[in-house]
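Scroll down for the structure; my scribbles are underneath it.
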Amino acid sequence: MIDLRSDTVTKPTPAMRRAMAEAEVGDDVYGEDPTINRLQERAAEIFEKEAAIFVPTGSMGNQIAVKLHTRPGSEVVIEERGHIYNYEMAAMSAVSGTLARPVRSVDGTGILNWGEIEAAIHVGSAYYVAPTALVALENSHNLAGGRVYTSARMEEICERAHALKLPVHLDGARIFNASAALGEPVAALARSADSVMFCLSKGLGAPVGSMLLGSRAFIDEARVWRKILGGGMRQAGVLAAAGLIALEESPKLLHEDHANARRLAEGLAEVNGIKIDPERVVTNIVLFDVSETGIAADEICLRLKERNVLASGFGSSIRMVTHYDVSGADIETTLREMQKAVGSRQ
Ligand code: TLP
């Protein structure tokens, strides 16, 4: 099987498995797991933030951030395809009592500018208008086809938001992909955000885990909410050990996934009925519209599955995500199988 459904499917490398077997561990609810502590310190250092906390999932990291930045009855301004809004089980309402205020990017890229965000913000409005409490950004933006915010755009948005006393949370599940695509350090991309979450378990290849970063006071509070949500783990240093390798070793390999994604996009652009602009594929996510094939996206995914290629359908689009378990040869195979899947009338 060539599994392009997501980069979440990556399996731990032999080095990760060895590190997991040998990890020094302790009870992390007491703050006594030396491997987790090392991972947290190292992540904070790389991102140039005061503190970091290891959380089981990206969703938990994001939702803790939403909880801490907002209060019930307030709104979160977010791009309309944002993960926090669309794929986290309405947790922002269930956990924080907040509502998303979705914003569409005028140029269709999914990357917002300040003007688009500002138009959705309510600060100092009439008492019967729900106040904005948070701006949430996503870099790279998953359902916008892995597109990226530059550090300049990030800084402009954060500066303007801060001038209105609004915090900014960055869902950086794939911030290392954004960093590799832009040639900018993750610290530069995250610098102006008040909090950032990134995943060890996607393109970086760790089996489990994400990090939430921010000021020391923010992370101290995050620890309380992690426990409330059931994320206080014990000897989870076995997971952090894999996370440390993911953090140190994997970022330098991501450009290979990006080259594979670009090649995939170029090939797909030549398939009848598939709409994609390969120039817009800058990270490891390839999202393409299949409506003009006359075959539903889910049906195409089923046909691909019969041909040992896995992809995910999102409405009239299909998403393919490259990662280290997908080779250049796999990309060529995928393109051949796609030609057959779309060409055949089953
Ligand atoms: N994304 C998953 C699915 O939920 C769509 C995927 O396969 O891409 N932020 C972003 C931008 C994400 O893409 C994801 C996962 C998360 C947060 C949540 O991470 P987890 O799955 O660890 O809760």
> Restricting to the stretch 187-235, what's the tally of residues that are in contact with an Asp or Glu (Cβ under 9 Å, 6 or more places away or on another chain), of a type in the set (Val, Ile, Thr) and within 15 Å of the ligand (Cβ to nearest atom)?
Replying inline: 1
> What's the number of the condition ILE219 fails, among (1) surrounded by fewer than 24 Cβ atoms within 10 Å (Cβ to Cβ); (2) outside any helix (DSSP H, G or I)?
Replying inline: (2)
> Going through the stretch 80-92 one residue at a time, which ones are within 24 Å of VAL208 (Cβ to Cβ), surrounded by fewer than 20 Cβ atoms within 10 Å (Cβ to Cβ) and more than 11 Å from the ligand (Cβ to nearest atom)?
Replying inline: ALA90
> Does ALA341 meet the test of being more than 25 Å from TYR149 (Cα to Cα), buried (at least 21 other Cβ atoms within 10 Å of the Cβ) and of a type in the set (Gly, Ala, Ser)?
Replying inline: yes
>> If LEU143 meets every condition in (1) surrounded by fewer than 20 Cβ atoms within 10 Å (Cβ to Cβ); (2) touching a residue at least 12 places away in the same chain (Cβ under 8 Å); (3) over 23 Å from GLU48 (Cα atoms) apart from one, which number is that one?
In response: (1)
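Results for (1) within 18 Å of ALA144 (Cβ to Cβ); (2) surrounded by fewer than 24 Cβ atoms within 10 Å (Cβ to Cβ); (3) in contact with a Leu (Cβ under 8 Å, 6 or more places away or on another chain), shown as yes or no for each residue.
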{"site": "LEU164", "(1), (2), (3)": "no, yes, no"}
{"site": "HIS169", "(1), (2), (3)": "yes, no, yes"}
{"site": "ALA173", "(1), (2), (3)": "yes, no, no"}
{"site": "ALA181", "(1), (2), (3)": "yes, yes, no"}
{"site": "GLU184", "(1), (2), (3)": "no, yes, no"}
{"site": "ALA187", "(1), (2), (3)": "no, yes, no"}
{"site": "ALA190", "(1), (2), (3)": "no, no, yes"}
{"site": "ASP194", "(1), (2), (3)": "no, yes, no"}
{"site": "MET211", "(1), (2), (3)": "no, no, yes"}
> Taking the stretch 3-38, which residues are among the hydrophobic types (A, V, I, L, M, F, W, C) and either within 16 Å of the ligand (Cβ to nearest atom) or in the same structural domain as LYS305 (by TED's automatic domain parsing) (or both)?
Replying inline: LEU4, VAL9
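Is it the case that some residue within the stretch 55-62 is in the same structural domain as GLY209 (by TED's automatic domain parsing), out of contact with any Leu (no Cβ under 7 Å at 6 or more places or on another chain), more than 12 Å from the ligand (Cβ to nearest atom) and of a type outside the set (Val, Ile, Thr)? First the steps, then the outcome.
First, the residues of the stretch 55-62 that are in the same structural domain as GLY209 (by TED's automatic domain parsing): 55-62.
From the residues that got through so far, the ones that are out of contact with any Leu (no Cβ under 7 Å at 6 or more places or on another chain) too are 56-59, 62.
Checking which are more than 12 Å from the ligand (Cβ to nearest atom) leaves us with none.
No, every residue in the stretch 55-62 fails to be in the same structural domain as GLY209 (by TED's automatic domain parsing), out of contact with any Leu (no Cβ under 7 Å at 6 or more places or on another chain), more than 12 Å from the ligand (Cβ to nearest atom) and of a type outside the set (Val, Ile, Thr).
Taking the conditions exactly as written (without any contact (Cβ under 8 Å) to a residue 60 or more places away in the chain and in the same structural domain as ASN142 (by TED's automatic domain parsing)), does GLU45 satisfy them or not?
Yes, satisfied.
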> Are any residues in the stretch 22-35 surrounded by fewer than 14 Cβ atoms within 10 Å (Cβ to Cβ) and without any contact (Cβ under 8 Å) to a residue 40 or more places away in the chain, and if so, which ones?
Replying inline: TYR30, GLY31
> Do we have any residue at all in the stretch 93-102 that's over 22 Å from LEU212 (Cβ atoms), within 16 Å of the ligand (Cβ to nearest atom) and not in a loop (DSSP other than H, G, I, E, B)?
Replying inline: yes
> Do we have ARG5 as in a loop (DSSP other than H, G, I, E, B), surrounded by fewer than 24 Cβ atoms within 10 Å (Cβ to Cβ), touching a strand residue (DSSP E or B) at 6+ places or on another chain (Cβ under 9 Å) and touching a residue at least 60 places away in the same chain (Cβ under 8 Å) here?
Replying inline: yes
> Taking the stretch 265-301 only, how many residues are hydroxyl-bearing (Ser, Thr, Tyr) and under 13 Å from ILE318 (Cα atoms)?
Replying inline: 2
>> What's the number of the only condition in (1) outside any strand (DSSP E or B); (2) within 16 Å of the ligand (Cβ to nearest atom); (3) farther than 30 Å from GLU249 by Cα that ALA178 fails to meet?
In response: (3)
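Conditions tested, residue by residue: (1) within 27 Å of ASN86 (Cα to Cα); (2) touching a residue at least 24 places away in the same chain (Cβ under 8 Å); (3) among the aliphatic types (A, V, I, L, M); (4) not in a helix (DSSP H, G or I).
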| position | (1), (2), (3), (4) |
| --- | --- |
| VAL286 | yes, yes, yes, yes |
| ILE295 | yes, yes, yes, yes |
| ARG303 | yes, yes, no, no |
| ARG319 | yes, yes, no, yes |
| HIS323 | yes, yes, no, yes |
| ILE331 | no, yes, yes, no |
| ARG336 | no, no, no, no |
| LYS340 | no, yes, no, no |
>> Of the residues VAL77, VAL106, VAL66, only one is more than 16 Å from the ligand (Cβ to nearest atom) and either crowded, with 20+ Cβ neighbours inside 10 Å or modelled with pLDDT of 95 or more (or both); which?
In response: VAL77
> For ILE318, are the conditions met, namely being within 19 Å of the chain's Cα centre (by Cα), surrounded by 15 or more Cβ atoms within 10 Å (Cβ to Cβ) and within 12 Å of LEU268 (Cα to Cα)?
Replying inline: yes
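The values are calculated or read from the model by the stated rules, or taken from the named source; none is laboratory data. The model shown is predicted, which means the values in this text are computed figures rather than measured ones. Please note: Cβ atoms are built from the backbone with ideal geometry, for glycine as well, and neighbour counts cover all protein chains shown.
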